[in-house]
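J.: Pasting in a structure now, in structure tokens, and then I'll have a few things to ask.
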Amino acid sequence: MGIFQKVRKIFSKEPPVSLKELRDTFRKKYHAFRLLLASNNAALHLMTELELALQGNQSFGMTFIRSHSTAISVNVFSIIKYLNELTNNKYAGLEPAFAAIQSRLEEVLSQRRALPLQELMLPLSRVNKEMADGVGAKMANVGELRNNVPDILVPGGFVATVAAYELFMSHNQLPDEINRRIQSMEIEDMATIYRLSSEIQMLIINSAMPPELAAAITAAYENLAGGSKPDLRVSLRSSGIGEDSENVSFAGQYRSELNVSPENLFTVYKEILASKYAPTAITYRLNKGVRDEDVAMCVGFMSMVDAVSGGVTYSRNPTDIRSEAIFINAVHGLPKLVVDGSGSPDLWVVARTEPPVIVEKEIADKRQKYVCLPEEGVCREELDAKGQTAALTDAQVLKLAEVALRLEEHFQAPQDIEWCFDQEGRLFILQSRPLKQLDLEAHRDQETALAVDNPVILRGGQMASPGVAAGEAFLVASNADLLRFPEGAVLVTAVPHPSWAPLLSRAAAVVTDRGGITGHLANVAREFRVPALFNTGDATRKIAPHSIITVDADGLTIYQDRVASLLALAAQRTSLMVGTPVYKTLQEVLEQISPLNLTDPDSPAFQPKSCRTLHDITRFAHEVAVRELFDYQANKELSRHFIKRLAAPVPMQWYVLDLEDGFREEIPGKEVKIENIASIPMLALWQGITAVKWEGPPPIDTRGFLAVLGQAASQPQLEAASSAFYGNLNYFMISKHFCHLSSRFGYHFSTVEALVGEDQHENFIRFVFKGGGADLPRRLGRAKLVQEILERYHFKVDIKGDSLFARLEDEPREYMLERLRILGYVSIHTRQLDMIMMNAAQVGYYHDKIIEDLEKEVLPRPAEKAGLRLGA
């Protein structure tokens with residue numbers, strides 16, 4: 001029999017139900033209410049994390065969005081279930097509203113692009129820059145170079161397209177298995193990423209080559225080789241979708257292989273597909289906001305060029321958009337030493353004049369070069385005296401400059417160009433992609449003529465990425481060091497290997513012994529706006545591990561300790577997520593989750609069919625759950641026995657619901673005195689609430705007053721004194737060892753949940769404090785003030801938006817009761833302080849007063865002062 005039928009029996013003068021029946025019925029309602037609150041809090045936490053991610057202050061991927069969306073949906077489904085348990089299925093109308101929202105959410109999360117090409121292989125002669133969606137940006141640009149830029153030599157070749165990738169993956173049923181593995185892991189540390197990477201790469205490499213795909217590769221290769229070159233060696237180059245776009249270069253994140261024999265084409269092809277899941281690539285996609293399903297791996301097969309010299313040309317200065325110079329790095333042999341950053345190349349700077357003029361030349365001490373092996377693969381060869389000679393003649397340098405200008409003109413953007421000269425002196429362009437540039441004119445003007453007193457560790461090197469940063473020096477020499485790299489440290493390494501790229505989202509700066517500004521890691525450092533100083537010669541020897549250093553990449557100097565004057569001028573690192581595909585997906589997801597349309601509980605529209613987002617459902621369910629649980633009219637008999645107004649000499653209204661053993665004795669009437677409360681945690685909270693008389697709102701200046709008015713005007717849904725049921729109610733739900741306090745005062749909301757008994761391991765406290773009448777900066781300031789106070793007393797505190805979440809657990813009873821007294825005081829005395837948070841003097845005054853009150857009035861056992869017992 002439902003609660004309302006029981007109530008009707010009471011009023012129809014039928015024999016009244018027993019007190020035990022009423023208590024059992026209410027306990028069931030209360031249990032459903034508690035579970036609803038837990039699901040509601042979990043859903044709101046998850047929504048807050050998604051909303052904070054949208055601000056662009058953290059890196060995230062599709063796994064983050066999917067897992068949070070799923071968790072929110074699960075919690076909202078639970079909210080509906082518990083609400084209907086609480087109300088005897090009164091709000092079943094929420095279920096179709098939830099289903100409609102969920103359908104729209106799934107549609108956003110399951111969007112897939114259509115295959116742009118159906119052909120498995122395309123010869124480069126048919127590829128151009130308009131085909132990036134089918135062959136990847138890298139090979140689209142190569143095809144454009146070959147077919148539409150006159151007098152440019154490009155090695156012959158063909159491309160395995162998106163259709164080939166999709167065929168391989170679907171033939172082996174890999175997409176679902178890979179998604180399952182990714183979504184089942186919390187990708188939070190490098191060890192997890194390495195394990196996930198290894199599993200997925202081996203899964204791909206060990207998969208079978210579809211017969212249709214194998215035949216297509218063989219036919220395309222034979223067509224490229226012709227009858228005269230049956231053993232033609234080729235390079236296989238990754239060309240992921242989006243790999244070489246303007247804002248996301250994926251520099252060095254995917255695999256390429258040089259000098260591959262026809263016998264190993266299939267094996268190497270699978271290895272390059274697998275490199276989509278290399279640790280560097282997984283981390284890079286996460287940090288750059290690229291969805292995993294949006295990256296199909298195309299592969300370019302190009303005739304191998306046996307290079308005499310090679311390198312990279314930047315048609316502009318990558319670190320200064322105003323510069324009118326061309327930068328050329330070159331080495332003997334293949335360009336691999338320049339591309340992967342493992343060698344110190346020669347450098348030429350060429351003025352963009354007509355004709356171009358060499359204005360700077362630095363010939364490096366080149367000890368090694370890469371060459372093609374006769375059978376297959378490449379190897380390093382030691383250089384003797386030739387290592388001191390220039391890798392290029394001046395004529396070759398000027399030819400490269402002229403080609404760079406032509407390619408920039410053709411693509412209408414600065415270019416990053418990989419090239420080589422063959423044994424006959426012919427120039428081959430291997431690839432050309434957009435060059436990432438930074439505008440630093442204003443930044444450099446700031447950092448002139450600064451006096452620095454700190455000792456200098458070293459001077460020199462090349463600025464690979466501008467800026468200033470400080471942190472603990474951490475030497476990285478192997479993959480094992482990646483797992484130990486601390487957040488905010490300076491990456492110090494001998495060689496700027498592309499494998500170190502996953503650290504750049506956590507590194508304050510990068511310092512290397514060798515490597516040039518055109519290498520992969522330098523490119524990624526610029527994308528992440530991490531200051532980088534390369535080719536210093538002996539940084540790993542001069543910098544003491546774990547010492548604090550300041551890296552001034554602009555000034556080519558490394559200092560001991562932190563240099564405050566330089567750091568004060570350092571440009572703040574900007575977000576990389578805004579505008580990325582995964583960011584846009586999150587925006588679309590949040591459209592189904594976050595907007596709050598149900599703002600007025602008294603409106604006729606406040607009903608299940610009006611719920612258009614998951615947030616609407618949580619708002620509706622929470623409001624009606626409280627209304628149903630505490631509805632005096634519907635539960636008159638229950639309220640007579642259980643819900644009492646607290647008779648206390650305080651201006652606010654307080655109510656108490658005794659769940660079990662919360663009162664010392666059965667209390668007749670509508671009021672209960674504090675002396676009759678047996679709940680140990682409630683008494684501790686009350687002691688903190690009443691320990692010091694609240695002085696009322698702080699004196700407010702004009703700006704603070706206007707901030708409150710502006711907040712109220714811009715967000716009318718934040719009602720200070722809602723006419724909704726329990727709009728201003730402060731209520732305790734108690735048992736002897738448990739207390740839930742929900743309190744609202746004006747625009748301020750707080751909740752405390754505590755379980756305190758003799759078993760230390762069961763003890764916990766949860767505190768939530770949010771809201772305020774002022775604008776967001778003031779509310780954030782108040783949240784940080786409360787955080788500082790609570791952390792002083794060892795609470796674990798998180799701030800998300802203007803909401804503060806604190807917790808404490810697994811501590812002895814007396815320690816927990818002290819902390820509850822603190823929370824009681826804080827929940828009263830920090831209300832309305834948000835209005836004065838822009839006044840440093842007032843903030844300082846209230847901070848000191850709160851600490852003084854806590855130390856003198858709240859913590860010295862006010863229980864004895866008040867003559868209250870905390871339970872036997």
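The values are calculated or read from the model by the stated rules, or taken from the named source; none is laboratory data. What you are looking at is a predicted structure, and each value in this text was computed from that prediction instead of being measured. Glycine gets a Cβ as well: all are built from the backbone with ideal geometry, and neighbour counts include every protein chain shown. Surface areas here come from the heavy atoms of the whole protein model, side chains and all, with no ligands, DNA or RNA. Shrake-Rupley method; radii C 1.70, N 1.55, O 1.52, S 1.80 Å.
J.: Work out, in µm²/s and without decimals, the Stokes-Einstein translational diffusion coefficient of the range 314-412 at 4 °C, 1.567 mPa s, Rh from Kirkwood over C-alpha pairs.
T.: So the translational diffusion coefficient is about 89 µm²/s.
J.: Using packing as a proxy for protection, rank 195-204, 95-104, 523-532 so that the peptide with the highest average count of other Cβ atoms within 10 Å comes first. Don't jump to the answer; show the numbers that get you there.
T.: Working: 195-204: 16.9, 95-104: 15.3, 523-532: 26.5.
Top to bottom by mean Cβ count within 10 Å: 523-532, 195-204, 95-104.
J.: Put Trp348, Trp500 in order of accessible area, largest first, 1.4 Å probe: what do you get? Don't skip to the answer; put the middle values down first.
T.: Working: Trp348 0, Trp500 20 Å².
Largest accessible area first, the residues go Trp500, Trp348.
J.: Quick check: residue separation of Phe266 and Ser125 times 0.36 nm, minus the Cα distance between them. What number comes out in nm?
T.: 48.5 nm
J.: For the pair Asp661 and His546, how long in nm is the line joining their label points, each one 7 Å along Cα→Cβ?
T.: The modelled label-to-label distance comes out at 5.1 nm.
J.: Please label the shape of the range 87-203 as rounded, prolate or oblate, based on the square roots a ≥ b ≥ c of the eigenvalues of the alpha-carbon gyration tensor (a/c under 1.5 means rounded; beyond that, a/b larger than b/c means prolate, else oblate).
T.: Taking the square roots of the gyration eigenvalues as a ≥ b ≥ c, the range 87-203 is prolate.
J.: Across the Cα atoms of the range 504-548, what radius of gyration and what greatest pairwise Cα-Cα distance (Dmax) are found, in Å?
T.: Considering the range 504-548 through its Cα atoms, Rg and Dmax are 10.8, 29 Å.
J.: Suppose R0 equals 35 Å. What FRET efficiency, 1/(1 + (r/R0)^6) with r the Cβ-Cβ distance, do Glu222 and Glu293 give to the nearest 0.05?
T.: Details: r = 33 Å, r/R0 = 0.95.
Computed FRET efficiency for Glu222 and Glu293 comes out at 0.55.
J.: Can you give me the distance in nm between label points at Asp602 and Ser198, each placed 7 Å from the Cα along the Cα-to-Cβ direction?
T.: That separation, rounded to one decimal, is 6.5 nm.
J.: Right, something else. Using a simple charge model, +1 on the beta-carbon of Lys and Arg, -1 on the beta-carbon of Asp and Glu, nothing else, what dipole does the range 768-855 show about its Cα centre, in debye to the nearest 20?
T.: In debye, rounded to 20, the range 768-855 gives about 360.
J.: For Phe620, what is the net charge nearby, where nearby means another residue's Cβ is under 14 Å from its Cβ and Lys, Arg count +1, Asp, Glu -1? Present the calculation step by step, with values, prior to reporting the outcome.
T.: Values: positive: Lys90, Lys609, Arg612, Arg619, Arg627; negative: Glu95, Asp600, Asp602, Asp616, Glu623, Glu628.
Combined, the nearby Lys, Arg, Asp and Glu give -1.
J.: Step by step: find N for the range 330-369, compute 2.2 N^0.38 Å, then divide the Cα radius of gyration by it. What's the final number? List each step's numbers first, then the result.
T.: On the way: Rg = 12.1 Å, N = 40, 2.2 N^0.38 = 8.9 Å.
Here the answer is 1.35, to two decimals.
J.: How many nm is it between the label spots at Glu381 and Arg459, if each spot is 7 Å from the Cα in line with the beta carbon?
T.: A separation of 4.0 nm, rounded to one decimal place.
J.: According to the Cα gyration tensor, what semi-axes, each the square root of 5 times an eigenvalue, does the equivalent ellipsoid of the range 762-849 have, listed from largest to smallest in whole Å? List each step's numbers first, then the result.
T.: Numbers: eigenvalues 119, 37, 19 Å².
Ellipsoid half-lengths, sorted descending, are 24, 14, 10 Å.
J.: Starting from the Cα of Asp394, step 7 Å toward the Cβ, then list every residue of the range 341-355 with an amide N under 17 Å from that point.
T.: 347-355
J.: Say a paramagnetic label sat at a point 7 Å from the Cα of Thr353, along Cα to Cβ; which residues of the range 298-330 have their backbone N under 17 Å from it?
T.: So the set is 323-327.
J.: Add +1 for every Lys or Arg and -1 for every Asp or Glu among the other residues with Cβ under 9 Å from the Cβ of Pro486, and state the total.
T.: Once all neighbours under 9 Å are counted, the net charge is 0.
J.: Another question about this same structure. When ranked by the protection proxy of mean other Cβ atoms within 10 Å per residue, highest first, what sequence do the peptides 672-683, 424-435 form? Before the final figure, lay out each step's value.
T.: Numbers: 672-683: 21.8, 424-435: 18.7.
Final packing ranking: 672-683, 424-435.
J.: OK, next. Full-extension gain between Lys784 and Asp798, please, as 0.36 nm times their residue separation minus the C-alpha to C-alpha distance.
T.: 4.1 nm
J.: Next up: Between Arg27 and Asn479, how high is the FRET efficiency from 1/(1 + (r/R0)^6) when r is the Cβ-Cβ distance and R₀ = 45 Å? Nearest 0.05.
T.: It comes to 0.20.
J.: If you count only protein heavy atoms and use a 1.4 Å probe, how large is the accessible surface of Tyr815, to the nearest 10 Å²?
T.: 60 Å²
J.: Which GluC sites (Glu not before Pro) from the range 319-388 combine a DSSP loop assignment with at most 14 other Cβ atoms within 10 Å?
T.: Filter output for the range 319-388: Glu324, Glu375.
J.: So how do Lys366, Lys784 rank on accessible area, 1.4 Å probe, biggest first, that is with the largest at the start?
T.: Values: Lys366 10, Lys784 125 Å².
Accessible-area ranking of Lys366, Lys784, largest first: Lys784, Lys366.
J.: Within the set of other residues whose C-beta is less than 10 Å from the C-beta of Glu85, count the net charge using Lys and Arg as +1 and Asp and Glu as -1.
T.: Here the count lands on +3.
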